[in-house]
Amino acid sequence: MDALLVYPNTQKQVSVLEALLTELNIRFSMYAEKRTDDALMSKSDYFSMLDERIKNVELGKTVEYTPELESELFAEIL
């Protein structure tokens, strides 16, 4: 049988989906996943993240991109 991946945005959505699948006697698995992929973020979450990063830059919380940092970050592919 095919698998279906679902990415609910709220705990309420998780609860409703869990109740529905249980009621329909559909086997399912749940995995807690920390979102790191921007493509999986809601539009409002994405803009909130951008606002936070802009604020950090304004506060001077930045990292200078140097040749040493480049070597460290890309050591495996350079």
- line: Heavy-atom accessible area of the chain with neighbours in place, 1.4 angstrom probe: carbon+sulfur share in percent works out to 55 percent
- request: Would you calculate a helix-derived [θ] at 222 nm for the chain, using -39,500 (n - 2.57) for each DSSP H run of n ≥ 4 and dividing by the full residue count, to the nearest 500?
  value: -14500 deg cm²/dmol
- request: Tell me which label goes with the value of semi-axes √(5λ) of the Cα gyration tensor in Å computed from the coordinates here: (1) 27, 12, 10; (2) 23, 14, 12; (3) 39, 19, 8.
  value: (3)
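Which of the GluC sites (Glu not before Pro) across the chain are loop residues per DSSP, with 14 or fewer other Cβ within 10 Å?
Passing sites in the chain are 33, 64, 76.
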field: Solvent exposure of the chain as accessible area per residue, Å², 1.4 Å probe
entry: 100 Å²
- prompt: Can you work out the FRET efficiency for the pair residue 20 and residue 44, with r the C-beta to C-beta distance and R0 = 22 Å, to the nearest 0.05?
  reply: 0.30
- line: Excluding near-sequence neighbours (fewer than 8 apart on one chain), the chain holds lysine pairs with C-alpha atoms under 22 Å apart numbering 4
message: Need one number: nm distance between label points at residue 56 and residue 2, each 7 Å from Cα along Cα→Cβ, rounded to one decimal.
response: 3.9 nm
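The values are calculated or read from the model by the stated rules, or taken from the named source; none is laboratory data. Please read all numbers here as calculations on a predicted model, not as lab measurements. When we count neighbours, we look across all protein chains shown, and the Cβ atoms used for this are built from the backbone with ideal geometry, even at glycine. The area values use the complete protein model at the heavy-atom level, side chains included, leaving out ligands, DNA and RNA. Shrake-Rupley method; radii C 1.70, N 1.55, O 1.52, S 1.80 Å.
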